[in-house]
Each structure stands twice: as C-alpha cells, then as structure tokens.
Amino acid sequence: MSNSAPLKLAQVRDLGQVIGATFTLLRQQWRPLLRALAFTALPVALVAGVMMGYFAGGLQDRVMGADPDDVMGVMTSVMGPLGLGYLALIAAYMIAIAVSYEFIRAYHQGEVPTLQPGDLWKRARGQVFNYFVVALLVGLLTVLGVLLCVLPGIWLGIGLSLSFTVLAIERMGSTAAMRRSWELVKEHWWETFLIVLVMGLIQGVITSVVVLPFAAVGFIWGLSSGMGDLAQGLPEWYGWVMGVSSAVQYGVTILLYPLSVTAISLQYFSLVERKESRSLEQRLEGFDAV
C-alpha cells in the first residue's frame, strides 16, 4: 500500500479533477482492492468466460455442419450450458459491484488500512442482494428507455448512475437510492455523462489491448493450420481458443471495473459537497460539540 496521504473523497471536483483523483486513489490502493476482486469475482468470471466461449464455439461448429431443418434443435441443445455461463457472468459482476463499492465505503470511513480481503467480502456478501435489486431496476428502466428511442435510455442510465454509491455510503433502500441519484445528477447530467464516457473508453481501450493478442493468436493459428475444410466443421481446438479469449476479456473487465466505480463515486461526493456542503456541516457540528 502506498504511504501517500489518503485522498479526501468529500470534495468538490470538476471533470478533470475527478479523473485525476480516480487514478490517484487507485494508484494508492490497487493492491487491497485487486486482491479482494481476485479472491471473489475473478474466478467466477474466468469460469463464465471459458464456458461461454467454449460452448459458443461449439455452437458455431454444430450449426455449420447441421442440416438447415435441424438448426433450431442444435441451438436449443447448447442454450443450457450457455445460460449457465451467463448466470455465472452475472454473479461475477454482482460480486465485483458489491466488493468495489463496499471498498469505497470502507475507504471513506478510514478502515482500509486494517481491512483484509475476507473482511471486505463479508461486508460485500451481506449487501449483494441490495446491489442486485438496484442493478435490476436500473437495468430495466435503462433498457425500457433504449427501446423507446435510445436517448431516453442514456438519459435514465446516467441519471441513475450514482445509485450504487448512494446505497454504499448512505445505506438507503433500492428505490430511495435511485431517487437520491436522480436528484444529485439532474443539474449535472452532462458532467456525469462525460465521466462515465471517459472511464468507459479508458476501460475499453485497455481491455482491447490485452485481449487483442489472444484473438490474433487464434486467428493466425487457424490460418497456419488451415482450419481444414469449414464445410466439415471447425477444428476441435477452436472452442478452447474462444473460451480462453472470453475468459481473458471478462477477467480484465472485472479487474478494471474499479476505474468506473471510483470515478462515479468521486462524482457522488463532489455533487453532495456542491449541493449540500456536508463536510462543512459536519465540521460546524464538531465545533458546536466542543
């Protein structure tokens, strides 16, 4: 862990300061946070990636060699394993959400120096269901908005993007956390949108740089081995290459998830300070108590 002074979360920051503070905090605290994710969400994500990639490759192979009348039957036969892979992936993301936001809560309360991965997981485990409910509600509303005309979905998604942080810091109920997020963001929508966009682009670029070599190796390997006559089906190793590539992609995504969590959490603290001057009120309360 870095010996640098802890970063003050409760502070008004503009877009550039939020991005800069995100990397400052993670540079100081990456070891305990990544260690916690590596012991909890990462193994589940890797298993999900292997399952989904392997069976997706097998599905392509079987569909290519199937009679046109049997295509639906072939697809149905693989839906079960693929479905289990998707469920495992959802579980991995929910664990990552809970661990990452509970880490922000612990950091805000000054508990990180003495917090072990097991302790953080215990806290996260107790809140996974609450995070899942928020994720489900926000996801449904965002998808509904996208179906209506795309832009309403983006508008809703950004407006509700602080819901997880509100749940972590203020321990509100699911719908109350969503209302709180909406109230905080509504006058700062564009600023919050740019933070989400920039961090999403950074994560996407890093993930692509890491995953691209695996995809390139599979492609080159396929060309060098001729991949046979595709009419006779794909080679046996194709499913495993797909599985490894998917596992790497999901694993990297899980480990990079704290980038977005930290940025959006810093935006939460900034908006609270900007709108409510909460830290100032607490300092004044401290003076009154002396």
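Taking region 242-264 as the search range and keeping residues that are under 22 Å from THR24 (Cβ atoms) and small (Gly, Ala, Ser), which one is surrounded by the fewest Cβ atoms within 10 Å (Cβ to Cβ)?
SER260
Kindly establish whether LEU140 is of a type in the set (A, V, I, L, M), closer than 25 Å to HIS188 by Cβ, open to solvent by 70 Å² or more (accessible area, probe 1.4 Å) and at pLDDT below 90.
Answer is no for this residue.
Does region 113-128 contain any residue that is over 13 Å from SER163 (Cβ atoms), basic (Lys, Arg) and open to solvent by less than 60 Å² (accessible area, probe 1.4 Å)?
No, that holds for no residue.
Evaluate the following for ILE169: is it aliphatic (A, V, I, L, M) and touching a His at 6+ places or on another chain (Cβ under 8 Å)?
Spelling it out, ILE169 is indeed aliphatic (A, V, I, L, M) and touching a His at 6+ places or on another chain (Cβ under 8 Å).
So ALA216 ticks every box in (1) in contact with a helix residue (DSSP H, G or I) (Cβ under 8 Å, 6 or more places away or on another chain); (2) open to solvent by less than 50 Å² (accessible area, probe 1.4 Å); (3) at pLDDT below 95 but one. Which box is left unticked?
Among (1) in contact with a helix residue (DSSP H, G or I) (Cβ under 8 Å, 6 or more places away or on another chain); (2) open to solvent by less than 50 Å² (accessible area, probe 1.4 Å); (3) at pLDDT below 95, ALA216 violates only (1).
Could you tell me whether SER279 is at pLDDT 65 or above and part of a helix (DSSP H, G or I)?
no
The values are calculated or read from the model by the stated rules, or taken from the named source; none is laboratory data. Note that the structure is predicted; figures quoted are calculated from it, not measured. Cβ coordinates were reconstructed from backbone atoms using ideal geometry, including for glycine residues, and neighbour counts include every protein chain displayed. Ligands, DNA and RNA are excluded from the accessible area calculation, which covers all protein heavy atoms including side chains. Shrake-Rupley method; radii C 1.70, N 1.55, O 1.52, S 1.80 Å.
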